[in-house]
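Here's the structure, in structure tokens; my notes come after.
Since every read-out is calculated from the coordinates, none of them should be taken as a lab result. Please read all numbers here as calculations on a predicted model, not as lab measurements. Glycine gets a Cβ as well: all are built from the backbone with ideal geometry, and neighbour counts include every protein chain shown.
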Amino acid sequence: MSDAPSPQPSPARGEGAHSADRSSFSPLPLTRRLDRRPLVLLGALVLLGATMVAGIALGSVRVPLADVWAALLGEHEGARRFIVWNLRLPRVLLAALVGMNLAVAGTVLQAVTRNPLADPHLLGLSAGGALLAVLALHLDPATAVGNLPPLAFLGSLLGAALVYLLAWRGGVSPTRLLLAGVAVAALFGAFTTGLLLVSTLTIQAIMSWLAGGLYARSWPYVRILAPYWGVGMLAALLLARRLDVLALGDEPASVLGVRVQRLRAVLTGLAALLTGSAVAVAGLIGFVGLVVPHVARMLVGSGHRYALPVAALLGGALLVLSDLIARTVASPRELPVGIVTAAIGAPFFIYLLRRRT
Amino acid sequence: MSTWGARIGLAGIVVAGLLFGAACGADSAATDKATPAAGVATTAAGAQTAAAATSSATRPAQTRTFTDDSGKSFTVATPPKRVVALSPSVVEIMYAVGAPPLARPSSANFPEQAKSLPAIGSSYQPSFEQIAAQTPDFLIADAQLQGPQTVTELQKLGVPVFVIRVQSVEDVTKYLRTVGAIMGKTEEGDRAAKEIEGKIQAAQAKLPAENQRPRVFILVGTADAFFAAKPNSFSGDVIARLGAKNAVGPGPDSAGAPAGFSTFSLEKLIELDPDVVLVVSVAGPNAPPTSRQLAGNPAWAGLRAVKGGRVHEVPADELVQSAGPRVGAVIDQFVPILYPNR
């Protein structure tokens, strides 16, 4: 409005327009707007806590809340304690860790590619991780579970490296990166599906690789994933400011002294660590890495010091809730958890798209 | 303000990490605690053995040892009372020896009484919560449905997991006797096994000359995708025991097919042109039988068995999903199909 071409504005008129603009943006110019981002962060933490409590309290078998509490305190012996302590608790924790990994990996990748469609699936990271894990199981069905995360991490790195190689042309543009990612994901996905179908695995085991599953995942899996989760989360939070700089664009970031290509490679490696370890214990779970970063940015803006922890907490909450639904909706049978995340995630994503436009 | 928030985020995640660490630590403590508990159980058994040994003069030793499909030995002092069956075959074997299980997989629907037992989910992914809620003292698993990893998970319930595998008529009689003995129903198990053995012997006594025995193809699946049952499958073993020749050789299992089966095409079936085709329709009771779906195919119509009216639908439950003691009835059904002129 004030930029409207008026070659010689009268000083009075210009002054008036200016003050009108200011008042329309902040009616009370002297009051600072309350930063609600810490509250959102707290809210996300509470939400994760609430879903975890629900995940431990509910299941295929009805356990009275008092017994759940007693079991958690270690007072109860027998079947109920076993159900709460050895079946539900580790599974809820694992779902939270996997959800956090995928959501943070997605947030990092969307910043790296500056593309809101980027996620561990679309960039070939999940596919690479799954391919190597499934290949290892195919060659030696007795492969220890503990060896799968490093292998899947390697696979995710390989997937990412191949995507970079294909997209490289004296530097990597976000668009080419995404296109190469789609191609690599499709190729690796085809190999993985083929390997699974010629394997001796049951259709249920195949489904839990392809659509994600936390069936019969107990403490050993939590112990296996926890270190990868810890290192990944810490690194992501330490790199949060760099992510903000990268989001400005390659040139402004270079001007600010950031070595863009190196940073992008480090961040992609971090996303591979988070994704590969999650895929190794839970298979291919979609939509968490795509949808959650969007929700987080909607709530707290694109500053990554908030967007990353909020995405982590919401990702954990989404997967804990999805797994609760997966194991109770058709009880005593179970659904692959990826089906539930897609069933929740896809409509929500469509809603977000419609609301924005 | 914003760095403050970030610190909260970091602190939250660190706290969460500590919680996980504590949980893991507490868990290993729990496992340590569980081990002595298991130890107590073995000592109790040991005490019983010792008691049996000291009083061996007055009563025979009760402790017997059984070996399961994985080669693991089980020492059973007294018959278990709370047994969860993990496959339809196990359920049927247990009913046949007169020792019904406490709970069954959702797919187990024979005998009729089994349907009123609590269900523990699919055989492939049994619900551990449901199994634990039954407070079992013994589990009987099925190697064809539960892989080694699932068995390992089941063992964490802290009770013996006995694994059976029913892939031949001999497996049925063997596990009728073994499960019967474990459950304290030795005579019932032996009687049920002898009934099946008697039927096999009767059929073998009346076998026609070698060149009169039919070449049989067992088609398992749907019109779009089917397997051939090889001699080392359960249905393949049944016809072999009845003297029929399998149109398909043993050969290696083909990729993607269950043990004892190989993927097959209509083209290869025409090349074999068997005397008899037994069709196992696995699509369920609501889908049209596979042989009727294939009837419209001209290639199928040219088969010797189709022209001679020697294509028979045979039950999927008894032959594939739930191989077990009902094999006696299957033998009764197969003999007139294989030897119509007798």
- Task: Measure out, as a whole number of angstrom, how far apart the alpha-carbon centroids of segment A:69-85 and segment B:317-342 sit.
- Result: 48 Å
- What is the distance in Å between the Cα centres of segment B:176-244 and segment A:99-152? 47 Å
- Task: Could you tell me the distance between the Cα centroids of segment A:187-212 and segment B:62-96, to the nearest Å?
- Result: 33 Å
- Note on the structure: Checked segment A:233-279 with the C-alpha gyration tensor, a ≥ b ≥ c its square-rooted eigenvalues, rounded below a/c of 1.5, otherwise prolate if a/b is larger than b/c and oblate if not; verdict prolate
- Acute angle (nearest 10 degrees) that the helix A:219-238 long axis makes with the longest principal axis of chain A, alpha-carbon atoms: 10 degrees
- Task: May I ask for the net charge around B:VAL238, where only other residues with Cβ less than 12 Å from the Cβ of B:VAL238 are counted and Lys, Arg are +1 while Asp, Glu are -1?
- Result: -2
- Item | Hydrodynamic radius of segment B:280-335 per Kirkwood, over alpha carbon pairs, in Å | 12.7 Å
- Using the Cα gyration tensor of segment A:235-340, with a ≥ b ≥ c the square roots of its eigenvalues, what is the shape: rounded (a/c below 1.5), prolate (a/b larger than b/c) or oblate (neither)? prolate
- Message: Using Cα-Cα distances under 8 Å and only pairs 6 or more residues apart, what relative contact order does segment B:215-323 have, in percent?
- Response: 30 percent
- Task: Mind pulling the per residue volume of the convex hull built on the Cα atoms of chain A? Å³ is fine.
- Result: 177 Å³
- Item | Kirkwood-based shape ratio for the protein assembly as shown, expressed as Rg/Rh from alpha carbons | 1.09
- Item | Relative contact order computed over segment A:99-183 (Cα-Cα under 8 Å; 6+ residues apart), in percent | 34 percent
- Query: Counting alpha carbon pairs within less than 8 Å and at least 6 residues apart, what relative contact order, in whole percent, applies to chain A?
  - Reply: 28 percent
- Ordering A:122-133, A:47-58 by per-residue average of other C-beta atoms within 10 angstrom, highest first, gives A:122-133, A:47-58
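Quick one: grab the alpha carbon gyration tensor of segment B:124-254, order the square roots of its eigenvalues as a ≥ b ≥ c, and give me rounded if a/c is under 1.5, else prolate or oblate depending on whether a/b is larger than b/c. Walk me through the numbers before you get to the answer.
Details: a/c = 3.49, a/b = 1.53, b/c = 2.28.
Note, shape of segment B:124-254 comes out oblate.
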- Working note, segment A:67-163: Cα radius of gyration (Å, one decimal) and Dmax (Å, whole number) are 18.2, 53
- Query: All other residues with a Cβ under 12 Å from the Cβ of A:LEU109 taken together, and with Lys, Arg as +1 and Asp, Glu as -1, what is their net charge?
  - Reply: +1
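Please give the length that would be gained between A:VAL53 and A:TRP168 if that part of the chain were fully extended, namely 0.36 nm times their separation in residues minus their C-alpha to C-alpha distance (nm, one decimal).
Extra length available between A:VAL53 and A:TRP168 comes to 36.8 nm.
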- Inter-chain Cβ neighbour average for residues A:203-210, partner chain, 10 Å: 2
- Taking 0.36 nm per residue of separation and subtracting the Cα-Cα distance, what length does fully extending B:THR186 through B:GLU210 add? 4.9 nm
